[in-house]
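Take a look at the structure set out below.
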Amino acid sequence: MEATSSPVSPSRPGFRFLDLREFADTVQNITLTVALGGLQFVWSVEMGFGSPYLLSLGLHKSVISLVWLAGPLSGLVTQPLVGFLSDNCTSRLGRRRPYIIGAAVVVVLSLTTIGWAREIAGNRPVLAIWLAVIAFYVLDFAVNCVQASLRSLIVDTLPTSRQNDGTAWASRMIGVGNVLGYLMGFLDLPSLLPFLGSTHMQVLTTIASAVLSLCVFATCYNIKEVPITRPSAPAISSLKMFSSLISSMRALPIIVKQIFRVQFFAWIGWFPFLFYSTTYIADLYIANHGGSENEVISDLATRAASLAMFVHAVASLVFSILLPVITYSAASGTSPLPDHPPSSQDTSESFMVSLLGTTKSIIYCIQKRVTVSLPTMWSLSQCVFAVSMFLTMAVSTTKSATLLMGACGLSWAVTMWVPFSMLGEIISGTHGLSENNVQANHIESPRNDDDYMQIADDDDDTNSVPLENIEQNGRKDVHRRSTSSSISTNDEGTSSRSLENQTSTEPMSAGTVLGLHNVFAVVPQFITALASSLIFAFFEHVKGSQPNTAGGQHAMEIAIVFCIGGASSAVAAYRAWKLSDH
């Protein structure tokens, strides 16, 4: 079939094979990232309802902080190790799916144990507490295992030119999971779904288990990995494994290390927000209602805090949909604008096709006026977050504080998208760079040439895509397109600006790089925990033994911690802005 951009048939004006390929790519992006949405739903349930549940079991407040050390500890250890191990996995299911499926099963078992800890322990409350605490620890380690594998799967599956789209969809799925997770706090679940459990936590954990299972099944069934084959090698010792991780860290390109540094400063700001935002809102509510806390006021304050975080989740979802429209990726060689506006649709087209054409035209008009690069978007989002954190010192009402939480939704959407997009493009690009032949980027399929159809692309040469793959809505990613990106080398053999000063042109392993990246997002939590503890201890020492019932004073102490995080976020904004130079 001759490559052409003309309509397929007179009855379908403006409809081209390119539209079908875009649809297949979108379906593939959704199925590839939907498991992250299910995982985020589980995480929202844990973060939103874990502390009240542990308190209801009889655990003291002073001990709960030790329980939540499971998060940073698991992220610090699990993600680098799982990344390294999955990079070298030779299972017939692929490299990532065995870890995704196995860890998802552990997540479901942990959630079940948490929800039914009382029933399992019987009349032994101490045993119920121990069961719940251990289950939370196991849950955090399993969640990090699933997350590391899913992030690596995105890098493995998509070509360089589609890494930005894939990570943007991941951010959207995370936003959906967040919204649904916080929404559960406003529903009387035992009354609505009594057959799932007798308590709110039992119903929540059952729903979370079902959502995660369905989402993981959708991803693992539709996304097929190509197993790697290599000669059998002796088992790697733990010492050798850590030594390899350290060597990999030293050999990373300069641009990757700079992204890690941005994340380090950014997450010094994010961890106070994630852990103290609900307390901050609740204390402001108490201060606005007399400053004294009782059972009724405390319940209303908790609801106000839940509402603020729900607004944050909704804002994050909305911005994760809108911001990629005006953002382009220079590293993948993607132009911020198409060569020409979308062709107009004939009036005989269906309503949905006409609506799609109108939407594309609106998007084109927006892109024509406002487009920014990924580093610039990251920098601007950190500026928004820093300003919001500084303003927590000035606001005095829950409505104003809720607006600040919503503004932070923009920054959270970008944080869940841009750094992973940039890393994915760099990792995918080095694999393209390492091949002697461009055709090595294609996953071979045992088909005849007649099984392929030609698809016209406005920007590049004709590409060969298996017809069956398009009919299966992108179930397989057989087209690993090689792009003329800034990751490639030029004719003189010097690397382009995006990988300037790179120490090696060896292909980077997605699991290892993303695992190391997570270390720079986890270590700041320990720094923040220490700093906030010192600040809170200082104010407790100043107040002495006098009881303090002023919620506003508590909120001011948290606002000071927020401001420290805001200052660090300002540093991250500057470093992200400097990434544009590369």
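For segment 104-123, give me each residue that is farther than 18 Å from HIS200 by Cβ and either free of Cβ contacts under 8 Å to residues at least 12 places away in the same chain or open to solvent by 70 Å² or more (accessible area, probe 1.4 Å) (or both).
Of everything in segment 104-123, those that are farther than 18 Å from HIS200 by Cβ and either free of Cβ contacts under 8 Å to residues at least 12 places away in the same chain or open to solvent by 70 Å² or more (accessible area, probe 1.4 Å) (or both) turn out to be VAL105, LEU109, ALA121, GLY122, ASN123.
Would you mind telling me which numbered condition in (1) closer than 25 Å to THR205 by Cβ; (2) over 16 Å from the mean Cα position of the chain (by Cα) MET173 fails?
(2)
Does PHE264 meet the test of being open to solvent by 70 Å² or more (accessible area, probe 1.4 Å) and at pLDDT 85 or above?
When the stated conditions are applied, PHE264 does not pass them.
Which pairs turn up if I take residues in segment 268-282 that are farther than 17 Å from PRO524 by Cα and look for partners that are of a type in the set (Phe, Trp, Tyr) with beta carbon separation below 8 Å, at least 6 apart in sequence or on another chain?
TYR280/PHE562
Filter segment 379-402 down to residues that are within 30 Å of GLN258 (Cα to Cα) and either surrounded by fewer than 21 Cβ atoms within 10 Å (Cβ to Cβ) or among the polar types (S, T, N, Q) (or both), then give me how many there are.
Number of matching residues: 11.
Within segment 385-396, can you find the residues that are at pLDDT 90 or above and either in contact with a helix residue (DSSP H, G or I) (Cβ under 8 Å, 6 or more places away or on another chain) or over 15 Å from MET556 (Cα atoms) (or both)?
Result: PHE385, ALA386, VAL387, SER388, MET389, PHE390, LEU391, THR392, MET393, VAL395.
Report, by residue number, each residue of segment 180-229 that is more than 21 Å from ILE30 (Cβ to Cβ), out of contact with any Pro (no Cβ under 9 Å at 6 or more places or on another chain) and open to solvent by less than 10 Å² (accessible area, probe 1.4 Å).
Those that are more than 21 Å from ILE30 (Cβ to Cβ), out of contact with any Pro (no Cβ under 9 Å at 6 or more places or on another chain) and open to solvent by less than 10 Å² (accessible area, probe 1.4 Å): LEU189, LEU204, THR205.
Looking at this structure, is THR160 among the polar types (S, T, N, Q) and surrounded by 24 or more Cβ atoms within 10 Å (Cβ to Cβ)?
Here the answer is yes, as THR160 does meet what is asked.
Filter segment 272-308 down to the residues that are surrounded by 24 or more Cβ atoms within 10 Å (Cβ to Cβ) and either among the charged types (D, E, K, R) or within 30 Å of LEU423 (Cα to Cα) (or both) and list them by number.
PRO272, PHE273, ASP283
Which count do you get for residues in segment 205-230 that are assigned to a helix (DSSP H, G or I) and over 22 Å from the mean Cα position of the chain (by Cα)?
1
Go through segment 389-425 residue by residue and tally those that are without any contact (Cβ under 8 Å) to a residue 12 or more places away in the chain and outside any helix (DSSP H, G or I).
Final tally of qualifying residues: 1.
Yes or no: segment 132-147 includes at least one residue that is more than 25 Å from the chain's Cα centre (by Cα) and open to solvent by less than 20 Å² (accessible area, probe 1.4 Å).
Within segment 132-147, one or more residues are more than 25 Å from the chain's Cα centre (by Cα) and open to solvent by less than 20 Å² (accessible area, probe 1.4 Å).
Do we have SER51 as assigned to a helix (DSSP H, G or I), of a type in the set (Gly, Ala, Ser) and out of contact with any Lys or Arg (no Cβ under 8 Å at 6 or more places or on another chain) here?
Yes; evaluated as a whole, the condition is true for this residue.
Name the single residue that is farthest from TRP169 (Cα to Cα) among those in segment 28-77 being buried (at least 23 other Cβ atoms within 10 Å of the Cβ) and β-branched (Val, Ile, Thr).
Going through the qualifying residues, I end up with VAL45.
Out of all the residues in segment 169-192, which are among the hydrophobic types (A, V, I, L, M, F, W, C) and closer than 23 Å to LEU54 by Cβ?
Within segment 169-192, LEU180, LEU183, MET184, PHE186, LEU187, LEU189 meet the criteria.
For every residue, the table says whether it meets (1) modelled with pLDDT under 75; (2) touching a Cys at 6+ places or on another chain (Cβ under 8 Å); (3) not acidic (Asp, Glu).
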{"residue": "LEU212", "(1), (2), (3)": "no, no, yes"}
{"residue": "CYS220", "(1), (2), (3)": "no, no, yes"}
{"residue": "GLU225", "(1), (2), (3)": "no, no, no"}
{"residue": "PRO231", "(1), (2), (3)": "yes, no, yes"}
{"residue": "LYS240", "(1), (2), (3)": "yes, no, yes"}
{"residue": "ARG250", "(1), (2), (3)": "no, no, yes"}
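The values are calculated or read from the model by the stated rules, or taken from the named source; none is laboratory data. Only a predicted model underlies this, so the values are computations on that prediction, with no experimental measurement involved. Positions of Cβ are generated from backbone atoms using ideal geometry, with glycine treated the same way; all protein chains shown enter the neighbour counts. Calculation scope for accessible area: heavy atoms of the full protein, side chains included, ligands and nucleic acids excluded. Shrake-Rupley method; radii C 1.70, N 1.55, O 1.52, S 1.80 Å.
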